[in-house]
1. Pairs please, first residue from the range 52-78 and modelled with pLDDT of 70 or more, second anywhere and assigned to a helix (DSSP H, G or I) and surrounded by 13 or more Cβ atoms within 10 Å (Cβ to Cβ), Cβ atoms under 6 Å, 6+ apart in sequence or on different chains.
2. For the range 1-46, how many residues meet the condition of being acidic (Asp, Glu) and under 28 Å from Ala81 (Cα atoms)?
Amino acid sequence: MASIRQHELRDDLARVLRRAEAGECIVVTVSGREVAELGPVQGGRFVAAGKARAVFAGLPATKGLMQDLHEAAGDAVDPWAPRPKPAPA
């Protein structure tokens, strides 16, 4: 895992964030001590309504949960999915 000093992070934040976005994990140090890790956000946090229904099937549901999941099935959009770029104006 790569290591970067706090001052380097401060001075070149955009470049370091691009590295993290590309999948690199970077340890941030302050006075030689490791204080933080910086890396890409892990995907897979979004769960489609149909998949949630399958997970909850057979379990005692909170009043209205299955109805809420059913109603949300067509409206749910993965907030982490890549979005198409808008056409130039």
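The values are calculated or read from the model by the stated rules, or taken from the named source; none is laboratory data. Since the model is a prediction, treat every value here as computed from it, not as a measurement. FYI the Cβ positions are ideal-geometry reconstructions off the backbone, even for glycines, and counts take in every protein chain you see.
1. Going by the 6 Å Cβ cut-off, the qualifying pairs are Ala52/Leu69; Arg53/Leu69.
2. Residues flagged as acidic (Asp, Glu) and under 28 Å from Ala81 (Cα atoms) within the range 1-46 amount to 4.
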